[in-house]
Amino acid sequence: MSAIIAIEGIDGAGTTTQAKILTEGLEAEGVKTLLTREPDDTLPTGRLIRRALAYQGGYQVEPATLALLFAADRIEHHRRVVQPALQDGKVVVTDRSVVSSMAYQTGENKSSWVATINDCCTYPNLTILIDVPVAVCMERLGQREADEPKEIYEFHDQLTAIRVRYLGEMLRLSSALLRSVYVVDGNRPVEDTSAEIAMVVGAYLSYPPNFESRVTL
């Protein structure tokens, strides 16, 4: 079956690592899979966002403009990357999705407006949030290569607020029975987190109508 599976989490939570491990595991089981991410820097919109997040060019983009850029990139990404993969019967594993905008872009923008500009975007069939304490994420971010630019959200207070909004959005989606969502503990060895993610994804792909969402606060 084709499906969109999103791996979410604040900066430093390990979304990129876990998305890659999940994709490799599915492919090893014979599942046709596409690994992608948002913003998609294979697209012009995604490359522009990456520059904005890192202050490249010395120009700080307004929060509303950045939210619009993320929505625009998401539309292009789905049309040019995700939709063709789904039509080919693939499981799309995406490092972040529309839920990211509801967590990251609603700090300085109204949540109703952010939801509206993303209204035409497709929510994943299954969203997995890797929940990690902010202090742990900050420590991980501090261990990156020195030449990697620090992005605009990579500050303790920012990530604390984003984590709260992430959990709130996951609870909203689960309570409204809109989408399948699941929260995993990312504050443990990588292989333990990846094992639980694989279990969750396996259960969803095997029995999607009976899959039970889980959100812990």
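The values are calculated or read from the model by the stated rules, or taken from the named source; none is laboratory data. Everything quoted here is computed from the prediction, not taken from an experiment. Cβ coordinates were reconstructed from backbone atoms using ideal geometry, including for glycine residues, and neighbour counts include every protein chain displayed. Just so you know, the surface numbers come from the protein's heavy atoms only, side chains and all, with ligands and any DNA or RNA stripped out. Shrake-Rupley method; radii C 1.70, N 1.55, O 1.52, S 1.80 Å.
Quote the accessible area belonging to Asp11 in square angstrom, nearest 10, computed with a 1.4 Å probe and with ligands, DNA and RNA left uncounted.
It works out to around 20 Å².
So if we plug the beta-carbon distance of Thr160 and Lys110 into 1/(1 + (r/R0)^6) with R0 = 22 Å, what FRET efficiency do we get, rounded to 0.05?
Taking R0 as 22 Å, the efficiency between Thr160 and Lys110 is 0.60.
Leaving out same-chain residues fewer than 8 places away, which aspartates and glutamates sit with a Cα under 15 Å from that of Lys32?
List returned: Glu24, Asp88.
What distance in nm lies between label points placed 7 Å from Cα along the C-beta direction at Cys120 and Glu27?
3.3 nm
Once the dipole of the chain is set up with Lys and Arg at +1 and Asp and Glu at -1 on Cβ about the Cα centre, which of Ala115, Phe155, Gly12 lies farthest towards its positive end?
Ala115
To the nearest 20 Debye, how big is the dipole of region 1-141 about its Cα centre, given +1 on the beta carbon of each Lys and Arg and -1 on that of each Asp and Glu?
I would put it at about 260 debye.
What FRET efficiency comes out for Arg214 versus Arg50 if R0 is 30 angstrom and r is the Cβ-Cβ distance? Round to the nearest 0.05.
Numbers: r = 32 Å, r/R0 = 1.08.
So, using R0 = 30 Å, E works out to roughly 0.40.
Go through 136-143, 43-50, 92-99 and give me the packing order, highest mean Cβ count within 10 Å leading.
Packing proxy ranking, top to bottom: 92-99, 43-50, 136-143.
Using 0.36 nm per residue of separation minus the Cα-Cα distance, give me the extension gain between Lys150 and Arg172 in nm, one decimal.
4.8 nm
Using only DSSP helix segments of four residues or longer, with each worth -39500 (n - 2.57), what per-residue ellipticity at 222 nm results for the chain after dividing by its residue count and rounding to 500?
Calculated at 222 nm, the ellipticity per residue is -14500 deg cm²/dmol.
Just the accessible area per residue of region 1-94, please: how many Å² with a 1.4 Å probe?
47 Å²
Where in region 1-27 does the label zone of Asp88 land, with the point 7 angstrom along Cα→C-beta and an amide N cut-off under 20 Å?
1-7, 19-27
Say each of Arg140 and Ala203 gets a label point 7 Å from the Cα, pointing the same way as Cα to Cβ; how far apart are those two points in nm?
2.2 nm
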